[in-house]
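Each remark here refers to the structure printed beneath this line.
Read the figures in this text as sums done on the coordinates, not as results from a lab. Nothing here was measured: the structure is a model prediction, and the numbers come from that model. Every residue, glycine as well, gets a Cβ built from its backbone with ideal geometry; the counts of neighbours run over all protein chains shown.
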Amino acid sequence: MSDLAIWGDIMSLTAVDKMKLNRYLKEHAANDIYYLEMCDYLGKRGKIADIEFLEYFVETVATEFRKNEKISSKQIIKMISIIDAFLGWMFEEKSPIGDVVLDQIRSFNDFYDEYLIKTKMNVDQKIIENLALLKETLDKLYPPRASEDSVSKYLNKIAELEVKIKQLERDLDEIKRIKSGLEKRANQVETLQDNNNALSKEIKVKSLEIKNLTETIASLQSKIQELELLLSQSKKKVSDLEDFKVRYETISEEVKKLQALVNSDKKAKLETKNLEEKQSKIERLIYQKLLIDEASLDELVKYMQSQGITTDNAEIIKILKRVKQKINIGDSSFSMSPIYRVQRPILVTDKFFSVNVPYDAKYYDIMLVSDLHLKKFDSKVLKGFDSLNDYCTKHGICLILDLGDFYDGYGASKKVDHDSAIKNYQLVEQAISFIPKASGLYHAVLGGNHDCNVSNYGFDPIELLARERDDFLNLGYFHSTILLNNLTNNLGSFDIHHPNNFTFSVNLDENGVDIEGTISYLKELYTKQGRNRDDSYIDIFGHTHQSQFNYPGSYCFIPPFFEGGSKKGACHLRIYFDENNDIKYMIFMPLAYSDNKLVKKDEIVYQKILTK
């Protein structure tokens, strides 16, 4: 009976408990076995120690591997997995595990090899993998211990075996001597057999004794060979333990050195992290201070000290350079001590934007959108951009013209404050990161009044987006002239607008022309530029949140994309060219945006009527 079998008789687990435990393992997958649930299943939660569970599973695996029949692979794997978990738990709880149990677990691989040879079964790769994981856990948590007591124990055992071998050798010599004498006597008896039949019986008896002694000699020789093999194995194990002790001491020293390096690296990383956090905080405080008021270097240092940060002029100058890469900060360089303050960037208006149309193209498609008023990038907004990208890809559109108020802005029209500044800057960063791209599709964005208000915080939100995203282009603010094939005449260009005027509205007269609002705005704009209405094929507006096409007035309004209920949407513009590559006519196709789809509502054919 094995050691584990003896233990099994004194375990708290009864035969009924074992049957329940085996049934629990069969009913649950390996990744669905829980210790407390297992105890509840037995109805003995808290009454059975961890070591008793462990010893039972170890005994069961060892017994299964000793069978001469096919074993249950799934059940064995579950028990190996549980043994692995118990080793971890008991190691964390510092619960003792006897050496005999650990040695039995270390022998699992040998048991399985013997089982495969004995049964001629094929190797179960999953069992091999789980045994490897178990051995890795065992070697990591309970490595074989090399101690003077264990070495002494093996040496004493070897000495005992050597004494037994010598005694057996003496017994063998005595038996051989007796055998020789008996053989001589047997020969004498055989010679005298005819004269002394009385000795026949004794000869038979002695012959039987010789036979028995011969078998005893063979048995003793076999025993001697076994003892010699055991002695050799014991000597090798002692040698291996001595080698392991040397390797253990060497590795321990290396581990100490590596741990010292790790601690040094952690310290350096922590110092770097603390420095970065400090500089990031200084950067935010500089922005906060200069948004509200101007300050010199000395004043900035004092301001940092009032916020619990110790710094100096050199560090402030270094961090100011970083801030200036994002925010427009000016200084009075003519002063002995420069004075810094966040300044609104200079916004460019009335820009020209060239669209290179293939020379032999019969037409060119553009997507017109307006007034996105982006405040956040939730699923609704991201699906909207996906819808735009999908429509443009499907219809061969490679250019989107956005007619202003790309951003809605936070508090930009009110008093400038640091919290709103950070929110607006983060909004632009989110636009840079989250707006989905489509291959070959470009967004050309015209800044509107909401985008202009954001610039009060020291950065141009349209320019920042275009600088960080190669698929976005900056058209400037409020007005831009779109040139087709670099032509500047009225048959090769059109204009887009987003008036920087909250009171701008559409008021139509009896002929359907908005003389008071739109026409007067365009007249003033073209006069200022030294141009007239015939210099543009058509004027396209955002800003009003309306959808309208005014053929007599030669202008149209694009609705908001996300807002406006049933009126929200966009417009697909197709521009046709004549043989001279001039604009021949345009087709405006208003699109309704609903259920994350763009659907065409109408087609409006437009051809420029030149005034005299």
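Remarks
- Selection among 444, 141, 610 by position relative to the dipole of the chain gives 141 as farthest towards the positive end (Cβ unit charges, Cα centre).
- Candidates 88, 593, 48 compared by Cα position along the dipole of the chain: farthest toward the positive end lies 48, with charges placed on Cβ.
- The range 514-612: GluC sites (Glu not before Pro) in DSSP loop, at most 13 other beta carbons within 10 Å: 563, 579, 603
- Cα long-axis angle, helix 50-65 against the chain (0 to 90 degrees, to the nearest 10): 70 degrees
- Shown here: P(r) over Cα pairs in 10 Å bins from 0, in percent, derived from the displayed model; of the candidates [x] 3, 11, 13, 10, 8, 9, 10, 10, 8, 5, 3, 3, 3, 2, 1, 0, 0; [y] 3, 17, 28, 28, 17, 6, 1, 0; [z] 3, 12, 16, 20, 20, 12, 5, 4, 3, 2, 1, 1, 0, 0, it corresponds to [x].
- Between residue 207 and residue 255, residue separation times 0.36 nm minus the direct Cα-Cα distance comes to 10.2 nm.
- In Hz, Karplus ³J(HN,Hα) per residue of the range 567-584 (6.51, -1.76, 1.60; θ = phi - 60°; x = Gly, Pro): 8, 5, x, 8, 8, 8, 9, 10, 10, 9, 10, 8, 5, 8, 6, 8, 5, 8
- Selection of GluC sites (Glu not before Pro), the range 24-120, meeting DSSP coil and at most 16 other Cβ within 10 Å: 69, 93
- Extended-chain gain in nm, criterion 0.36 nm per residue less alpha-carbon gap, residue 197 and residue 376: 52.1 nm
- Sparsely packed loop sites in the range 361-431 (the chymotrypsin sites (Phe, Trp or Tyr not before Pro) outside DSSP H, G, I, E and B with at most 11 other Cβ atoms within 10 Å) do not occur.
- Length gained on full extension, residue 307 to residue 92: 72.9 nm, using 0.36 nm per residue less the C-alpha separation.
- Axis angle, to the nearest 10 degrees, between helix 15-27 and the longest C-alpha principal axis of the chain: 30 degrees.
- Where only DSSP H runs of four or more residues are counted, the chain gives -18000 deg cm²/dmol as its mean residue ellipticity at 222 nm, each run worth -39500 (n - 2.57).
- ³J(HN,Hα) computed for each position of the range 261-271 - Karplus, 6.51 cos²θ - 1.76 cosθ + 1.60, integer Hz, glycine/proline x: 5, 4, 4, 5, 5, 4, 5, 5, 5, 5, 5
- Amide H to amide H, with H built 1.01 Å from N, residue 349 comes under 5 Å of 477, counting only residues 5 or more places away or on other chains.
- Inter-site label distance for residue 223 and residue 470 at 7 Å from Cα along Cβ, in nm: 8.8 nm
- Acute angle (nearest 10 degrees) that the helix 379-394 long axis makes with the longest principal axis of the chain, alpha-carbon atoms: 80 degrees
- In order along the range 95-112, phi translates into HN-Hα couplings of 7, x, 10, x, 4, 5, 5, 4, 5, 5, 5, 4, 8, 3, 4, 5, 4, 5 Hz, rounded to whole numbers, per the Karplus curve 6.51 cos²θ - 1.76 cosθ + 1.60 with θ = phi - 60° and x for Gly and Pro.
- Between residue 190 and residue 582, the simple label model (points 7 Å from Cα in the Cβ direction) yields a spacing of 14.0 nm.
- Bridges between two residues of the range 357-606, per DSSP, are antiparallel at a rate of about 60%.
- The fewest-to-most ranking of 378, 390, 402 by surrounding Cβ atoms within 10 Å reads 378, 390, 402.
- Percent RCO, i.e. relative contact order, over the chain, from Cα pairs under 8 Å lying at least 6 residues apart: 9 percent
- Computed E for residue 504/residue 274 - FRET, C-beta separation, R0 51 angstrom, nearest 0.05: 0.45
- The chain - share of DSSP beta bridges that are antiparallel (%, nearest 5): 60 percent
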